[in-house]
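Worksheet for the structure shown next.
The values are calculated or read from the model by the stated rules, or taken from the named source; none is laboratory data. Keep in mind that this is a model prediction, so the values were computed, not measured. Neighbour counts run over all protein chains shown; Cβ positions are idealised from the backbone, glycine included. The protein model used for the area step is the full one, side chains on, heavy atoms only, and it has no ligands, DNA or RNA in it. Shrake-Rupley method; radii C 1.70, N 1.55, O 1.52, S 1.80 Å.
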Amino acid sequence: MSMLCIKNLTKRFGGVMAVNDVSFEVPAGSIMGLIGPNGAGKTTVFNLITGICRPDQGEIIFDEKSIVNLLTHNIISLGIARTFQTIRLFQNLSVLENVLAGRHSRMKSGSLRAMLRTPFQRGEEEAAIAKAVQTLNFVGLRRDAAQLAKNLSYGNQRLLEIARALATEPRLLILDEPAGGMNEQETTNLITLIRKIRDQRTTILLIEHDMSLVMRVCENIVVLDYGAKISEGTAETVKNDPLVIEAYLGTDEE
Amino acid sequence: MRKILFFTAAFCLIAATTFGASTIKIGLMAPLTGPWASEGQDMKQIVELLAGELNEHGGLLGKKVEVISADDGGDPKTAALAAQKLVTQDVVGAIGTYGSSITEASQNIYDESKVIQIANGSTAVRLTAKGLKYFFRTSPRDDEQGRVGVQALEKFGYKNVAILHDNTTYAKGLAEEARALLEKKNVNIVFYDALTPGERDYTAILTKMKSARPDGVFFTGYYPECGLLLRQKKEMNWNVPFLGGDANNNPDLIKIAGTDAAEGFYFLSPPVPQDLPSREASDFLKAYKKKYGTTPGSIWAVLSGDGFRVLTAAIKATGSTDSDKVADYLHNKLKNYPGLTGTISFDDKGDRVGEVYRVYRVNAKGEFILQP
Amino acid sequence: MRDHSKIIYSTMTVLLAMSPLFLNKYWVDVLNNVGLYAILGLSLNIIVGHAGLFNLGHAAFYAVGAYTAAIFNTRFNIPVLWLLPLCALSAGLFAAIVMRPIIHLRGDYLCIVTIGLGEIVRIALINDIFGITQGANGIFGIDRPSIFGISIRRPHEFFYLIWGFVAVSVFFFHRLENSRFGRALNYLREDEVAAEGSGINVAHYKLACFVIGAAWAGMVGDIFASKMTIISPESFSFWESVLLFTLILLGGSASIPGVILGAFLIVGLPEVFRGIANARMLIFGGAMIAMMIFRTEGILPSRPRRYVLPDESSGESRA
Amino acid sequence: MEEFFQQLTNGLAVGAIYALIALGYTMVYGVLKLINFAHGELFTIGSYLGLTLLTSLGLSDVFGPVLAILLLAAMVMGLVAVVGALLERTAYRPLRESPRLSAVVSALGASIFFQNAVMLIYGARLRVYPLGILPRTAVNLFGIYLPLVKLLILFASVAIMTALYLYIHKTRIGTAIRAAAIDQGAARLMGIDVDRVILIVFLIGPALGGAAGLMVGLLYGQINFTMGWVYGLKAFTAAILGGIGNIPGAMVGGILLGVIEAMGAAYISIAWKDAIAFVVLILILIVRPTGLLGERVAEKV
């Protein structure tokens, strides 16, 4: 059974075909990679899935339900979470509060309960903090909980983004270049973390430039070039696909 | 900040008790800043001039008169504060202020503290309809002016009249008075609307008004806009006669409009000191000119001078600074007091008694000529 | 550090509560104005400080509340304090309706729209919209408030009403900002896209903070109307919105003590400068620039929230 | 129909001046992303300086009216530009790295400061330009009355705006300004002296505002210390209407606002004119959230 199913997805920006008739499926419980040269339309696919932009054509089915016309926060509450390629943390808030942002969609108390500080609200708040701390523990940032997000190292900011996404308890986690800017050691730890997340029954879809990471961690890979899917399969299949080699050699130094 | 506040407050208290006895304090509440700053600054100059003269001649009841000014900023809330400030400084009476709604915001504060208030530029009828014992005004009322204005329009024989106001309390009140009276007399109101004060280009309004084809226009707003209207009307080559309300009695009107455009403009006004034969008026003008180098900008500021004069006269006559005695004197005993703007008496509501309004016309030299 | 400031704040509170005993009417009335601005500032702080939305038209909501109170009090003789909920409701509803279609506008576009809104409301009041606002005259003869049959009229009496309201406001706004709701506003202030991407309904929260801020300002309008007994459109000018906006940034954005201090500055400074009469606003303008340059974040900037964390080792720790 | 065209020309004349002031807002905004709330006061300063120079120098006696006015315009623009640059140095530069709203408060403070400074220097009473500097002839075109002065002013502001447009788009400095407007950091990396760009912007914008102030003085005769507030707000509205940061947008927005006001006054209600203008603005922004010509900034995610 597939967690996410994308059918004939198309998106134009002005005259540019950012995503051109792309279809693929993400099996439940798998780690899937989306790769391609710069400007291939990978991030656009992510933005389409999470409702940040709307597709011109095509279907996005999450858990047997179309999510094409939903707003981003609704998609998040259905169980998809994402990180951003350019780190988008709440820089002036604490690490803990950044993770609490992820808890938001799993909480209910509104302004009235907050003003009255009902027992329900207090209980919920405590539970959210406990859960957030647990998530920070999970990614290894527990000790930095009180820091402001902007004071974290680059690698830790990436981890915090993941923690914030995980705090929404997603069934599908979308990672946009999670290893960007990380050193070798951090990348290795990241791979362990990604596997750990998958082992908690979360499906993962990731974009990554670091080929070694993709090849090591992803069970299935989809390759985009100029917005169109040019190859799909296991790491082994994709690596040997002449179209893929041409796409990378022709445009990218990698 | 709070420390500063407390300190200042404490200081004021001490100051008030230490120096309180040696002078008679008269408050002046005026718009020293904000949109009506020019009126307020004139008021201050006039009242200070008169107080200076009074002190030179021995003061009042053997004491010096001290004028305490408070800025009301042309805004009701600031006015309420200014009134509180004057009240706590134990003023015997307060002169001011300009603008009916601003005055209104301060009325209760003076009344509750039994401080005499003599307003100068507050013409709304309702101010004296509340039965406040300590409230007086030297300015006339809107209904009075409306009546005189309609009389003038009738005399000119206009059948179709355009009325333009500027949506301020005063101008709108006057416009409504005039409209009601004119409708009773079966004059057609072919145009009735409000401009936005403070703008420069009123051609859109004039164009619209012109297409309504009035015989005459009654503009109830203020001179800055009126000057522009006259000028732009002239530039449009439209020769409709204009009648203005009393807020147009200001020499700047001619400067803005230019003499050629202003010629033939009629307006209503209490007589200005220049037109009064009385010695008080001419002395005052001379002294003002000597001290400040110009003539007073508007009649409203001069009315604050009248407020000061009747208040000090009442204190002198009663030999007391007791509000009840002074108020009683002003209500009942002060009759035909020679003011700067003509004789002054008050009725039991505190309104100025008598026909105050005159019609003026601008001549070819740009002078304001009192019409018979 | 924390305990230190606690001592300062409680001393200040006690001093303030006792101040009517040794201040004259005028200074008490100045404090009353400070109090009104403090509550208005707190209500706008939710929008400007916490959500980072550029609102230069808060006077519009304040006006809706004040006019609701004035109209219902003068026409139907309903006591003004009973009208508090109605004023909150009308101002909040007004905000919900007019902000709904424009809430998605960004930064400076939202700014001009709120300015426009303030002007439209003011012009509507002047033009006696629906024949109920009595134009530029304003509405007069509004009752003074009364509590248990005691009429409140003198500044000293108003002092306790207004500052009591300030205390209630501080209490509720403090809770509000330390909650899921308050955090959500901060997220969208920091990064709208990331907030939405973390599952926060950004449009909803933007609108909600406007509604809450407006409702609170509406209640201040009620108190203001009953204090002045007359209200007219000039009390709700663009200038009023500018002052409110300024006091928040001078005092400290998103900081409750900052906003209250800002109210002291914005009302107090011009009063202290009264002595220099004509030049007082000049100095005020210069002071605004200087304060922003030397205390960019305001005089009492907001502090990070504190959380009690469960911890394996020490039981709890701060974050 | 005649009235319609008459109102159209009335609106165009008012709009041309709005446009000229709006350019100052938009240029500063483009580069600094700051709404210079003191810009309206620079306009006021322009008209007061114009009055002082006009009455004290007696230029028109020496040079004749046309040359005198050109000289006067040059002097006023120069002086106001200097004031603008000083404003930037003292009130805005120290806040360049600060939160944006802090700079806005500084701008509001500067606005209050300038307004009251003008009041203290020149007095609170309104001031009047001497009459008869500009010819008072009117052209009557098919029943539409067009005063020559207004035509001249319309022409002058269009000329200034065209010159500015060419300057921004055809010169090296203009390119630098545009680059800095898009991305200051990147512009700096490209070797553009951003400080200098900001200085230039703060010379040109205020100069245009000063020119508009002079025009208002010459055209309408009457000036006072609060007028910058009114014109400033209108011009800011115009800049937003056209899409702030966009130079042709400011021109279009200004002219359009003038016309909307005239039409609103003519066909709906004079008293509601300003409210109508704001309603139109809000409606336009609902449909086009970044103004008429403002680019739709697709944020990179």
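Just a few scattered comments:
- Within the stretch D:266-282, the set of residues being closer than 25 Å to residue D:294 by Cα, open to solvent by 20 Å² or more (accessible area, probe 1.4 Å) and more than 7 Å from every other protein chain (Cβ to nearest Cβ) comprises D:276, D:280.
- Considered as a group, the residues in the stretch C:88-118 that are hydroxyl-bearing (Ser, Thr, Tyr) and within 11 Å of another protein chain (Cβ to nearest Cβ) include one that is farthest from residue C:64 (Cα to Cα), and that residue is C:109.
- Qualifying residues in the stretch C:259-306 (those that are facing another protein chain (nearest Cβ under 8 Å), modelled with pLDDT of 80 or more and closer than 30 Å to residue B:42 by Cα) - the one surrounded by the most Cβ atoms within 10 Å (Cβ to Cβ): C:288
- Among (1) on the phi < 0 side of the Ramachandran plot; (2) in contact (Cβ under 8 Å) with a residue 24 or more places away in the chain; (3) part of a loop (DSSP other than H, G, I, E, B) - the single one residue A:69 does not satisfy: (2)
- Qualifying residues in the stretch B:177-188 (those that are assigned to a helix (DSSP H, G or I) and open to solvent by 80 Å² or more (accessible area, probe 1.4 Å)) - the one farthest from residue B:240 (Cα to Cα): B:184
- Of the listed requirements (1) closer than 23 Å to residue A:205 by Cα; (2) in a helix (DSSP H, G or I); (3) not aliphatic (A, V, I, L, M), residue A:85 misses just one: (2).
- Some residue of the stretch C:26-44 being among the small types (Gly, Ala, Ser) and closer than 21 Å to residue C:122 by Cα: yes
- Answer residue from the stretch B:194-215, given it is under 20 Å from residue B:142 (Cβ atoms) and open to solvent by less than 20 Å² (accessible area, probe 1.4 Å) and is farthest from the other protein chains (Cβ to nearest Cβ) among those: B:195
- Exactly one residue among A:30, A:66 is of a type outside the set (Asp, Glu) and closer than 23 Å to residue A:161 by Cα, and that residue is A:30.
- Criterion applied to D:243, D:258 was being within 29 Å of residue B:194 (Cα to Cα) and out of contact with any strand residue (DSSP E or B) (no Cβ under 9 Å at 6 or more places or on another chain), and the one residue passing it is D:258.
- Within the stretch C:139-191, being modelled with pLDDT of 85 or more, among the hydroxyl-bearing types (Ser, Thr, Tyr) and open to solvent by 10 Å² or more (accessible area, probe 1.4 Å) holds for one residue alone: C:160.
- Residue within the stretch C:200-223 that is on the phi > 0 side of the Ramachandran plot and not in a helix (DSSP H, G or I) present: no
- Among the candidates C:189, C:175, residue that is out of contact with any strand residue (DSSP E or B) (no Cβ under 6 Å at 6 or more places or on another chain), without any contact (Cβ under 8 Å) to a residue 12 or more places away in the chain, within 30 Å of residue A:170 (Cα to Cα) and assigned to a helix (DSSP H, G or I): C:175
- Of the listed requirements (1) buried (at least 21 other Cβ atoms within 10 Å of the Cβ); (2) at pLDDT 85 or above, residue D:203 misses just one: (1).
- Of the criteria (1) within 26 Å of residue A:116 (Cα to Cα); (2) more than 14 Å from chain A (Cβ to nearest Cβ); (3) open to solvent by 10 Å² or more (accessible area, probe 1.4 Å), which one residue C:216 fails: (2)
- Selected residue [within 11 Å of chain C (Cβ to nearest Cβ), under 16 Å from residue A:99 (Cβ atoms), touching a residue at least 60 places away in the same chain (Cβ under 8 Å) and open to solvent by less than 10 Å² (accessible area, probe 1.4 Å)] from A:149, A:145: A:149
- Sole exception among (1) crowded, with 22+ Cβ neighbours inside 10 Å; (2) touching a Lys or Arg at 6+ places or on another chain (Cβ under 8 Å); (3) within 30 Å of residue D:103 (Cβ to Cβ) for residue C:103, by number: (1)
- Matching residues in the stretch B:116-159 - criterion: being within 12 Å of chain C (Cβ to nearest Cβ) and within 17 Å of residue B:326 (Cβ to Cβ): none
- Residue match in the stretch B:45-62 (condition: closer than 27 Å to residue C:28 by Cβ and either touching a residue at least 40 places away in the same chain (Cβ under 8 Å) or touching a Lys or Arg at 6+ places or on another chain (Cβ under 9 Å) (or both)): no
- Some residue of the stretch D:175-186 being open to solvent by less than 20 Å² (accessible area, probe 1.4 Å), closer than 27 Å to residue D:29 by Cα, in a helix (DSSP H, G or I) and touching a Gly at 6+ places or on another chain (Cβ under 9 Å): yes
- Qualifying residue in the stretch A:120-131 (condition: without any contact (Cβ under 8 Å) to a residue 40 or more places away in the chain, part of a helix (DSSP H, G or I), in contact with a Leu (Cβ under 8 Å, 6 or more places away or on another chain) and facing another protein chain (nearest Cβ under 10 Å)): yes
- Only one entry in C:181, C:158 is part of a helix (DSSP H, G or I) and within 7 Å of chain A (Cβ to nearest Cβ), namely C:181.
- Residue ID - farthest from the other protein chains (Cβ to nearest Cβ), chosen from residues in the stretch B:216-233 that are open to solvent by less than 10 Å² (accessible area, probe 1.4 Å) and over 25 Å from the mean Cα position of the chain (by Cα): B:216
- Just one of the numbered conditions (1) more than 8 Å from chain C (Cβ to nearest Cβ); (2) farther than 30 Å from residue A:55 by Cα is not true of residue A:94: (1).
- Residue A:40 satisfies every condition listed in (1) open to solvent by 10 Å² or more (accessible area, probe 1.4 Å); (2) closer than 16 Å to residue A:222 by Cα; (3) not charged (D, E, K, R) except (1).
- Meets criteria (within 11 Å of another protein chain (Cβ to nearest Cβ) and closer than 21 Å to residue C:27 by Cβ) for residue B:80: yes
- Of all residues in the stretch B:252-281, those satisfying the criterion of being assigned to a loop (DSSP other than H, G, I, E, B), open to solvent by 10 Å² or more (accessible area, probe 1.4 Å) and at pLDDT 80 or above are B:263, B:264.
- With a requirement of 2 or more residues that are over 16 Å from the mean Cα position of the chain (by Cα) and among the acidic types (Asp, Glu), the helices (runs of 4 or more DSSP H) lying completely within the stretch A:157-254 that satisfy it span A:184-199.
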